Amino acid sequence: MNFEERLSDREAWSIGDGCSAGRVLDLLSTKTVFLVVRECLYGTTRFDDFVARVGTSAPAVSRALKQLKAAGVVESVPYREPGNRARDGYRLTRAGEDLLPVFLSLMQWGDKYLQDGRPPLSFVEAGTGRPVQARVTAEPAPEAISDDIEIRLNPAWRRG
């Protein structure tokens, strides 16, 4: 990347705590928080399912959901199964759904550099089966939401 002329002297300016990337990292500050967002993108809605799928403790998932709710990334959605009391489920807000490219970018990087060419999942356009990828581009591109994406098990993946 290059800087515009007035920013070329790196000693003359700093954005410090104003860095948006730093603020996102503060929000997604733990692996549990990030994996709860992943599970929301995958369609998980119930607390017990988050605990089982993230593979951590109920208190850790509870803290993550509270943090994401406070930031407006997830919202509570009440549900009730017959014969049981009402409970809260969770789903992404628009702000949470907008984390999809962040999530896909991290997955793509991990697939390329950490999976020895054998990532466990692939992400494709639901209607066409074409691979979905996050890219940096100056051109307008059609935007997809998580409902437009189908997640498939990669047949080349072997659990290590």
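The values are calculated or read from the model by the stated rules, or taken from the named source; none is laboratory data. Here the structure is a predicted model, which is why all the values come from computation and not from measurement. Cβ sites come from the backbone with ideal geometry, for glycine too, and all protein chains shown count toward neighbours. Accessible surface is based on the protein model in full, side chains and every heavy atom, while ligands, DNA and RNA are left aside. Shrake-Rupley method; radii C 1.70, N 1.55, O 1.52, S 1.80 Å.
Quick notes on this structure:
- Rg over Rh for the range 15-55 works out to 1.15, using Cα positions for both radii and the Kirkwood form for Rh.
- Angle between the chain longest axis and helix 100-114 axis [Cα atoms, degrees, rounded to 10]: 80 degrees
- Sequence of 17, 148 from largest to smallest accessible area, 1.4 Å probe: 17, 148
- In terms of overall dimensions, the C-alpha atoms belonging to the range 4-160 reach 67, 38, 34 Å along their principal axes, ordered largest to smallest.
- Accessible area in the full protein assembly, largest first, 1.4 Å probe, for 13, 109: 109, 13
- Table column - 3J(HN,Hα) (Hz), the range 47-53, Karplus curve with 6.51, -1.76, 1.60, x for Gly and Pro: 3, 4, 5, 4, 4, 5, 7
- Rounded tilt (10° steps) of 31-41 against the dominant C-alpha axis of the chain: 70 degrees
- Between residue 150 and residue 27, the modelled label-to-label distance comes to 3.1 nm, taking each label 7 Å out from Cα in the direction of the beta carbon.
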